[in-house]
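The values are calculated or read from the model by the stated rules, or taken from the named source; none is laboratory data. Keep in mind it's a predicted model, so treat the numbers as computed, not measured. Methodologically, a virtual Cβ is constructed for each residue, glycine included, from the backbone with ideal geometry; neighbour enumeration extends over all protein chains shown.
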């Protein structure tokens with residue numbers, strides 16, 4: 001197997017090819033931890049990324065929200081299966097059944113069923129989450145409560161508000177006092193004024209090979225629970241170490257039983273995931289089960305966070321451009337195959353294309369849509385972001401790798417999307433990027 005020090009060269013070259021201005025990788029392997037950095041935090045300043053550079057970890061923040069809520073469960077002040085409305089009597093949802101039945105467990109497993117990708121900018125005051133949740137009556141109920149997994153940022157906003165109501169603290173203070181401080185995570189912050197005076201990365205948009213600073217943060221305080229944490233690779237390794245070994249600089253925030261319970265699969269998920277725990281996501285690498293998360297902040301700062309509990313292994317990748325998606329996959333796969341010794345994931349042979357008209361069209365899920373078009377008998381796929389400052393990734397040529405499942409033609413190791421049929425055999429839904437989207441319209445190539 002390879003030496004972990006080989007990661008530096010891989011990171012340098014991988015970031016260059018993926019057009020990532022700056023990145024940092026943290027690895028826990030054989031009981032040792034290492035951090036590697038490359039590039040710059042901003043192309044405007046040229047300030048090098050170092051192991052202490054802060055990045056936005058995006059949706060890995062959801063695991064901190066989950067842990068904070070499970071700490072309240074351990075206290076006896078919160079029950080996972082009690083309706084959220086019992087903790088928030090002022091809550092109003094658009095669907096009366098959902099208002100009465102949605103629980104914290106639904107929120108932590110992305111199965112509440114209401115619209116998940118929303119922009120609820122409610123300012124930067126301590127009441128930001130409360131003000132955002134006041135607008136939840138505007139969110140349409142897409143699926144019945146508990147029926148479908150569809151990645152739901154709004155659900156974690158509501159979960160964060162539940163945590164505030166139960167604890168009597170702001171969400172950020174709750175996480176800081178119950179999780180960050182006991183674990184010695186002194187380089188992790190939620191609020192921009194905590195970040196601005198410290199070394200931090202900024203997001204970039206890359207056009208024709210040229211990276212430009214994106215002069216936006218991409219999130220608001222209402223997003224703290226769903227994706228708002230800034231952190232370093234070293235602090236992320238402390239988070240991984242706690243879940244892998246229970247190690248904590250202070251009193252352990254959660255018992256071993258609760259840590260295991262959080263990671264235990266609760267239900268099946270949607271591609272690109274397989275199952276979901278209480279905020280933690282599960283995928284496989286061959287026969288090995290990975291417990292993971294990762295994040296994408298407006299396609300500007302992208303990250304990976306992967307653990308392999310039976311090997312006491314973890315890797316985190318923090319980047320500052322959309323190319324971080326490819327770089328993160330490359331680094332994670334290399335570590336699993338060259339450090340842990342897992343076999344490479346084999347490419348799936350493409351299958352003959354079925355009648356593409358069964359699948360083409362626009363599938364929508366709030367601020368994101370997925371478009372599938374027939375270009376001279378070839379299926380092309382694209383995620384389209386209806387969000388200002390969020391660049392849509394380029395379309396890709398797709399091939400079928402199993403019945404109703406597609407992968408990029410350039411990399412068929414893992415399916416990217418799976419089409420779902422109704423009782424009449426008609427394609428009505430697609431699972432893509434962990435979201436379940438409804439077919440809305442036909443799109444021509």
Check on residue 4, more than 19 Å from residue 210 (Cα to Cα) and in contact with a helix residue (DSSP H, G or I) (Cβ under 9 Å, 6 or more places away or on another chain): yes
Boolean, residue 302 is farther than 30 Å from residue 32 by Cα and touching a strand residue (DSSP E or B) at 6+ places or on another chain (Cβ under 7 Å): no
Residue within segment 139-150 that is part of a loop (DSSP other than H, G, I, E, B) and free of Cβ contacts under 8 Å to residues at least 12 places away in the same chain present: no
Any hit, segment 245-260, residues being under 17 Å from residue 60 (Cα atoms) and in contact (Cβ under 8 Å) with a residue 60 or more places away in the chain: no
Qualifying residue in segment 314-335 (condition: free of Cβ contacts under 8 Å to residues at least 24 places away in the same chain, part of a strand (DSSP E or B) and either in contact with a strand residue (DSSP E or B) (Cβ under 6 Å, 6 or more places away or on another chain) or within 23 Å of residue 54 (Cβ to Cβ) (or both)): no
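In the set 308, 290, which member is under 15 Å from the mean Cα position of the chain (by Cα), buried (at least 18 other Cβ atoms within 10 Å of the Cβ), at pLDDT 95 or above and farther than 20 Å from residue 159 by Cα? I'd like the intermediate steps shown before the answer.
Working: 308 fails: under 15 Å from the mean Cα position of the chain (by Cα).
Result: 290 is the single residue among 308, 290 that is under 15 Å from the mean Cα position of the chain (by Cα), buried (at least 18 other Cβ atoms within 10 Å of the Cβ), at pLDDT 95 or above and farther than 20 Å from residue 159 by Cα.
One line per residue, one yes/no per condition, for (1) within 20 Å of residue 166 (Cα to Cα); (2) at pLDDT 95 or above:
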residue: 100; (1), (2): yes, yes
residue: 113; (1), (2): no, yes
residue: 122; (1), (2): no, no
residue: 126; (1), (2): yes, yes
residue: 133; (1), (2): yes, yes
residue: 137; (1), (2): no, yes
residue: 141; (1), (2): no, yes
residue: 144; (1), (2): no, yes
Test set (1) free of Cβ contacts under 8 Å to residues at least 12 places away in the same chain; (2) not in a strand (DSSP E or B) - residue 283 fails condition number: (2)
Residue among 378, 340, 427 that is surrounded by fewer than 17 Cβ atoms within 10 Å (Cβ to Cβ) and more than 23 Å from the chain's Cα centre (by Cα): 378
Residue in segment 385-392 that is at negative phi and either modelled with pLDDT of 95 or more or assigned by TED's automatic domain parsing to the domain that holds residue 296 (or both) present: no
Selection status of residue 401, in the same structural domain as residue 298 (by TED's automatic domain parsing), surrounded by 16 or more Cβ atoms within 10 Å (Cβ to Cβ) and within 30 Å of residue 306 (Cβ to Cβ): no
Single condition residue 155 does not satisfy, out of (1) in a helix (DSSP H, G or I); (2) more than 23 Å from residue 265 (Cβ to Cβ): (2)
